[in-house]
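Contents: one structure, followed by commentary.
The values are calculated or read from the model by the stated rules, or taken from the named source; none is laboratory data. These numbers were taken from a predicted model, which means no experiment stands behind them. With ideal geometry, Cβ positions are generated from the backbone for all residues, glycine too; neighbour counts draw on all protein chains shown. These area figures cover heavy atoms from the full protein model, side chains too; ligands, DNA and RNA do not enter into them. Shrake-Rupley method; radii C 1.70, N 1.55, O 1.52, S 1.80 Å.
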Amino acid sequence: MKNQIFKTTQGKLLIISICMAMVLVGTIGFYVVTDAALAKTLILTFFANTFGGRSVGIGLCILQGLTAFPTIFYNFYLEVMVVLFTYAVFALTTTNYLRVEWVIRAMERVAETALKKKHKIERFGWFGIFLFVMIPLPVTGPVVGAIIGSMIGLGWIRNFSATFLGTLTALVLWFEFFEFLDERFQMIQSFFVIILILVLIPYFGKIRRLVESLRRKKPLDP
């Protein structure tokens with residue numbers, strides 16, 4: 001059975017994802033020795049992207065001082081690795097090649113999420129998967145997108161091209177968005193201060209009277 005698994009397309013995708021994970025571990029191990037700060041950033045970004053989403057991963061890289069290419073490339077690498085692994089495991093459970101109870105339960109939860117979104121995307125085909133993965137809304141990650149693509153009958157090449165192109169586009173847009181905020185931080189900060197002042201203007205009289213009344217109060221005896 002194990003030999004048969006790795007002869008399937010899903011099994012080959014699983015091998016690719018495992019190899020990508022090994023490369024990632026090796027790269028982090030190398031930087032642990034040569035550049036501990038970068039190694040820390042890579043590790044934190046892995047967890048941030050995996051559990052918090054691409055926006056968190058991108059934001060963390062920017063905060064750590066990484067430039068556009070390494071930020072986008074690394075987060076894209078992580079998402080491709082996770083998508084290939086999860087898609088392969090999902091496909092192997094649905095074809096009875098993989099029969100591990102807790103894995104099956106996890107994949108069933110992913111399938112339920114995908115089924116809830118499937119009817120909104122099915123009529124748009126490839127473009128629907130691309131938009132679904134690209135648009136930053138809850139439960140629109142590339143893993144769910146790839147599984148929906150499988151459910152609506154897209155071939156794995158069309159499915160992954162839509163999923164990964166949507167992922168890459170979203171990463172670039174997120175990076176540009178954070179760069180925009182960073183470059184205009186002082187302006188945005190001043191804008192919110194002005195809004196706060198405008199909101200408080202009607203209450204200035206009450207605030208002044210409150211401050212004066214507090215000043216007139218005698219301190220408590222020790």
Positive minus negative residues near Leu60 (Lys, Arg vs Asp, Glu; Cβ under 12 Å): +2
Rg/Rh ratio calculated on Cα atoms of the stretch 1-72 (Kirkwood radius): 1.12
Karplus-derived 3J(HN,Hα), 6.51/-1.76/1.60, for each residue of the stretch 27-39, Hz, glycine and proline x: 5, 5, x, 4, 6, 4, 7, 9, 8, 4, 5, 5, 4
Probe 1.4 Å, protein heavy atoms only - accessible area per residue of the stretch 1-62 in square angstrom: 59 Å²
Full-stretch length increase - Ala68, Ile28 - with 0.36 nm per residue and alpha-carbon distance subtracted: 12.5 nm
Apportionment of accessible area to carbon and sulfur, the stretch 21-93, percent (1.4 Å): 78 percent
Span from the the stretch 119-134 Cα centroid across to the the stretch 39-96 one, whole angstrom: 22 Å
Neighbour net charge for Leu115 - beta-carbon separation under 15 angstrom, K R +1, D E -1: +2
Pair Ile16, Glu212: separation of 7 Å Cα→Cβ label points (nm): 7.5 nm
Cβ crowding within 10 Å averaged over residues, with 120-132, 16-28, 76-88, 47-59 ranked highest first: 76-88, 47-59, 120-132, 16-28
